[in-house]
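Peer 1: I am attaching a structure below and will ask some questions about it afterwards.
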Amino acid sequence: MLLIRTLASTGLFMAIWSVMNAQSTTKSAAFDVASVRPNTTGVNSSSINRSGGRITLENTSLRECIAFAYGIADGRDYELSGPDWLDGKKFDIAAIFPPETSRDRVREMLRALLAERFGLKTHTENKKLQSYALVIAKRGPKLQAGVAGSDGAFTYAEDHVTVRAFSLQGFADRLSGPVFKLDRPVVDMTGIKGVYDFTLNWAPDGALADGHSGASIFTALKEQLGLKLEARKIVFKIVVVDHVDKDPSIN
């Protein structure tokens, strides 16, 4: 008791307790079993799948792994800042955990695994970026309701996309991606809830496949969906990679 009182009086007790608690938290966030191996197949496709108490990341870059671990959705790559080589080497990761584990807990376990095997260190910061706000056009939205609870689908071709059971937030995330070539983040500010079905036709480079001129993405959104993009500066929370090793430690 005397020792504890002495440590507490000097502040050392709280420091020791904080270290022990951090170690306990890190340990509890670990997968039961995990494997990390380089993928040298050379294929372009990658996948992240969870089934029960197992998650597999196949042929994924470190950027994809980190983005998934921090809950950064498809199309929101701007929320992760790191070295260009993160897109280079590909890896296969397989891990096992209790089947009842929540999605957020699995992401936490993956962050712990990346820290252990790749020495990943990050911090977050707020950054103002040139962006687009997706808002309702003057004449109102032209949207067809989708089936709530069904799996969303997003398919694209050279000059159109087809969306099924997609929220406008999810659609805005996709607008931020390479398909639409906007080169800016897009944020849903319509305030519209629910999921919707639609096909959007536009000319990515100002011309359709048959050589005729077509609508820009800005015109297509307004005329076909009753939505529009407004240029704004928006503050985002960015995950910044401070350190990460190119090769994982041995399993």
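The values are calculated or read from the model by the stated rules, or taken from the named source; none is laboratory data. Predicted model only: the values in this text are computed from it and were never measured. Here the Cβ is made from the backbone with ideal geometry for all residues, glycine too, and neighbour counts use every protein chain on show.
Peer 1: Within the stretch 78-93, identify whether any single residue is out of contact with any Lys or Arg (no Cβ under 6 Å at 6 or more places or on another chain), within 25 Å of GLN169 (Cβ to Cβ), surrounded by 18 or more Cβ atoms within 10 Å (Cβ to Cβ) and basic (Lys, Arg), and answer yes or no.
Peer 2: Checked against the condition, which is being out of contact with any Lys or Arg (no Cβ under 6 Å at 6 or more places or on another chain), within 25 Å of GLN169 (Cβ to Cβ), surrounded by 18 or more Cβ atoms within 10 Å (Cβ to Cβ) and basic (Lys, Arg), the stretch 78-93 yields no hits at all.
Peer 1: Output the residues belonging to the stretch 118-149 that are in contact (Cβ under 8 Å) with a residue 24 or more places away in the chain, more than 22 Å from THR219 (Cα to Cα), out of contact with any Asp or Glu (no Cβ under 9 Å at 6 or more places or on another chain) and not basic (Lys, Arg).
Peer 2: Within the stretch 118-149, THR124, GLU125, ASN126, LEU129, ALA148 meet the criteria.
Peer 1: Under 30 Å from SER81 (Cα atoms), in contact with a strand residue (DSSP E or B) (Cβ under 8 Å, 6 or more places away or on another chain) and not in a loop (DSSP other than H, G, I, E, B): does that describe LEU182?
Peer 2: So LEU182 does not fit the description; no.
Peer 1: Would you check if there is a residue in the stretch 58-65 being more than 17 Å from ARG174 (Cβ to Cβ), of a type in the set (Val, Ile, Thr), in contact with a strand residue (DSSP E or B) (Cβ under 7 Å, 6 or more places away or on another chain) and surrounded by fewer than 16 Cβ atoms within 10 Å (Cβ to Cβ)?
Peer 2: Checked against the condition, which is being more than 17 Å from ARG174 (Cβ to Cβ), of a type in the set (Val, Ile, Thr), in contact with a strand residue (DSSP E or B) (Cβ under 7 Å, 6 or more places away or on another chain) and surrounded by fewer than 16 Cβ atoms within 10 Å (Cβ to Cβ), the stretch 58-65 yields no hits at all.
Peer 1: Still on this model: Tally the residues that are within 19 Å of the chain's Cα centre (by Cα) and either of a type in the set (Gly, Ala, Ser) or assigned to a loop (DSSP other than H, G, I, E, B) (or both), restricting the search to the stretch 113-148.
Peer 2: Summing the residues that are within 19 Å of the chain's Cα centre (by Cα) and either of a type in the set (Gly, Ala, Ser) or assigned to a loop (DSSP other than H, G, I, E, B) (or both) in the stretch 113-148 gives 4.
Peer 1: Please tell me if VAL163 is at pLDDT below 95 and β-branched (Val, Ile, Thr).
Peer 2: yes
Peer 1: Please specify each residue of the stretch 180-192 satisfying the condition of being over 16 Å from the mean Cα position of the chain (by Cα) and among the aliphatic types (A, V, I, L, M).
Peer 2: Correct list: LEU182, MET189, ILE192.
Peer 1: Quick one: GLY170 ticks every box in (1) part of a loop (DSSP other than H, G, I, E, B); (2) at pLDDT 90 or above; (3) of a type in the set (Gly, Ala, Ser) bar one, so which box is it?
Peer 2: Only one criterion in (1) part of a loop (DSSP other than H, G, I, E, B); (2) at pLDDT 90 or above; (3) of a type in the set (Gly, Ala, Ser) is unmet by GLY170, namely (1).
Peer 1: Here's a check for you: in the stretch 154-195, which residue that is out of contact with any Pro (no Cβ under 8 Å at 6 or more places or on another chain) and aromatic (Phe, Trp, Tyr) is surrounded by the most Cβ atoms within 10 Å (Cβ to Cβ)?
Peer 2: Filtering the stretch 154-195 for residues that are out of contact with any Pro (no Cβ under 8 Å at 6 or more places or on another chain) and aromatic (Phe, Trp, Tyr), the one surrounded by the most Cβ atoms within 10 Å (Cβ to Cβ) comes out as PHE171.
Peer 1: Considering only the stretch 151-167, state which residues are of a type outside the set (D, E, K, R) and in contact (Cβ under 8 Å) with a residue 40 or more places away in the chain.
Peer 2: Hits for the stretch 151-167 are GLY152, HIS160.
Peer 1: Within the stretch 136-153, does at least one residue satisfy the condition of being within 17 Å of ILE234 (Cβ to Cβ) and surrounded by 10 or more Cβ atoms within 10 Å (Cβ to Cβ)? Don't jump to the end; show me each part of the working.
Peer 2: Going through the stretch 136-153, the residues within 17 Å of ILE234 (Cβ to Cβ) turn out to be none.
Checked the stretch 136-153: no residue is within 17 Å of ILE234 (Cβ to Cβ) and surrounded by 10 or more Cβ atoms within 10 Å (Cβ to Cβ).
Peer 1: Pick out the one residue from SER81, SER18, SER61 that is modelled with pLDDT under 85 and within 24 Å of ASP242 (Cα to Cα).
Peer 2: Unique residue meeting the criteria: SER18.
Peer 1: State yes or no: is ALA153 modelled with pLDDT under 95 and aliphatic (A, V, I, L, M)?
Peer 2: yes
Residue-wise test of (1) farther than 28 Å from VAL186 by Cα; (2) assigned by TED's automatic domain parsing to the domain that holds PRO185; (3) of a type outside the set (Gly, Ala, Ser).
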{"residue": "ASP32", "(1), (2), (3)": "yes, no, yes"}
{"residue": "VAL43", "(1), (2), (3)": "yes, no, yes"}
{"residue": "ASN49", "(1), (2), (3)": "no, no, yes"}
{"residue": "THR56", "(1), (2), (3)": "yes, no, yes"}
{"residue": "ALA67", "(1), (2), (3)": "no, no, no"}
{"residue": "ASP87", "(1), (2), (3)": "no, no, yes"}
{"residue": "PHE97", "(1), (2), (3)": "yes, no, yes"}
{"residue": "ARG103", "(1), (2), (3)": "no, no, yes"}
{"residue": "HIS123", "(1), (2), (3)": "no, no, yes"}
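Peer 1: Oh, and also: Pick out the one residue from VAL163, VAL187, VAL135 that is hydrophobic (A, V, I, L, M, F, W, C) and over 14 Å from LEU229 (Cβ atoms).
Peer 2: It is VAL163.
Peer 1: Please indicate, with yes or no, whether at least one residue in the stretch 214-226 is modelled with pLDDT of 90 or more, within 24 Å of ILE66 (Cβ to Cβ) and in a helix (DSSP H, G or I).
Peer 2: No, because not a single residue in the stretch 214-226 is modelled with pLDDT of 90 or more, within 24 Å of ILE66 (Cβ to Cβ) and in a helix (DSSP H, G or I).
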